[in-house]
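Below you'll find the structure, written out as C-alpha cells, and then a few comments.
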Amino acid sequence: MMIHTRFAPSPTGLMHLGHALAARVAFTLARQSNGIFHLRHEDIDGPRVREEFYNRIEEDLNWLGLNWDGDPLRQTSRIPAYTAALRTLRERKLIYPCFCTRREIQQEWARIGAAPHGENDSIYPATCRNLPAEEAEMKIASDIPYAWRLDTQSAAKIAGPLVFQDLHFGKITVNPDALGDVVLARKDIGTAYHLAVVVDDAFQKITHVTRGEDLLASTHIHRLLQALLDLPEPIYHHHPLVLDEHGQRLAKRNESQSIAALRAGGMTPSAVLALTESVFQKNLLGLSG
Ligand code: GLU
C-alpha cells in the first residue's frame, strides 16, 4: 500500500512550532515509506484567510526542508465536491437547516442550564433538529440565513457501531455525541471543516491522517461521515501538542513564537526542528507501534 499523508494548515496566520511538528510527523511518515506527502490549504475560513499566509506557510515548509509532493490543494477550489457530498446527506435526511444565531444558541444553553465547555467544543442544543418541515421551508423562502447541521442521532442509527484505530491512542469506539450536531455547511460558504476534511482526505487518497490530539474529538464525526458517504477510512495518528513554557498550546496570535520569527532571530532550520524533538520522539513511538 502506498502511504499518503498530509499537512493541512489554515492560511489564517503564520506557522508556529505546533505546525512544524504536525508537518514533520506527516512528512517523516511519508518519507520513511516512499509515500506521498500532500499539502492542503484549508482556506474556507472566510475573512480570516489572507493571501500572504499561503506563501508564508509554503516558504516556512521549504525552509524547514519539509517539502511536499505535487501541487498544494486549496479547499476553496473544491466547493462543488463538498456541495455534492452535502446533497447526498440531504437526500438521506441526515442533515437539517439550522437558523439559530450564536446568541440564540447561548440563550438556549442558559435556559436548559447547560454550561458550554468552551468556545469550540460546546454542543449545539439541537434546537432546529425537530423544526417542522413547513416551518423550515418558510424560513428558507424568506431568506433567513441558515447552516446545515448533521443529525448525529439519525446518522448513528444508519451507520451502526463504528470504531477507529489510532496509532497513538489505540482503538476508539465512535461516540456520535462527542461533538453533537456539528455544522457541515456554514451560512457563508456552504461547507465547513468536518465535511471538507473527510471529502478531501478521500480525494487525496490519504492513508494516514496525522494531526494534533486537539482534533481527536472531531474524528468521531469524521468516521461517521466516512461511513455515511461510503468513503475509505484512513488510519489516524493524533499526536501530542507542542506546549509553551506555561504548558499552554501555542496559538497563531503569538507571532513571536512563529517559525518566521525564529528564523528572523537567526535560528537554523535544524535548530527550529530540534525544538520539536522531544514531542516528535514521543510521536515516533506511536508511528512504529
Ligand atoms: N486545518 C486544521 C488546522 O489547521 C487541521 C485539520 C486536520 O489536520 O484535519 O488546525
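The values are calculated or read from the model by the stated rules, or taken from the named source; none is laboratory data. Keep in mind it's a predicted model, so treat the numbers as computed, not measured. Every residue, glycine as well, gets a Cβ built from its backbone with ideal geometry; the counts of neighbours run over all protein chains shown. Side chains included, ligands, DNA and RNA excluded: accessible areas come from the protein's heavy atoms. Shrake-Rupley method; radii C 1.70, N 1.55, O 1.52, S 1.80 Å.
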Quick one: how many residues across segment 15-40 are surrounded by fewer than 21 Cβ atoms within 10 Å (Cβ to Cβ) and within 12 Å of the ligand (Cβ to nearest atom)?
0
Go through segment 174-198 and report how many residues are more than 19 Å from GLN153 (Cβ to Cβ), open to solvent by 20 Å² or more (accessible area, probe 1.4 Å) and within 14 Å of the ligand (Cβ to nearest atom).
1
With the structure loaded, tell me whether LYS171 is loosely packed, with under 13 Cβ neighbours inside 10 Å and in a strand (DSSP E or B) or whether it fails that test.
yes
Quick check: is even one residue across segment 129-140 farther than 24 Å from TYR236 by Cα, within 16 Å of the ligand (Cβ to nearest atom) and out of contact with any strand residue (DSSP E or B) (no Cβ under 8 Å at 6 or more places or on another chain)?
no
Before we move on, is ASP201 within 14 Å of the ligand (Cβ to nearest atom), charged (D, E, K, R) and modelled with pLDDT of 95 or more?
yes
Restricting attention to segment 232-252, report how many residues are within 14 Å of the ligand (Cβ to nearest atom) and part of a loop (DSSP other than H, G, I, E, B).
6
Give segment 23-82 a look and list any residue that's part of a loop (DSSP other than H, G, I, E, B) and of a type in the set (Asp, Glu), or say none.
GLU42, ASP43, ASP45, ASP69, ASP71
Looking only at segment 142-168, count how many residues are small (Gly, Ala, Ser) and open to solvent by less than 20 Å² (accessible area, probe 1.4 Å).
2
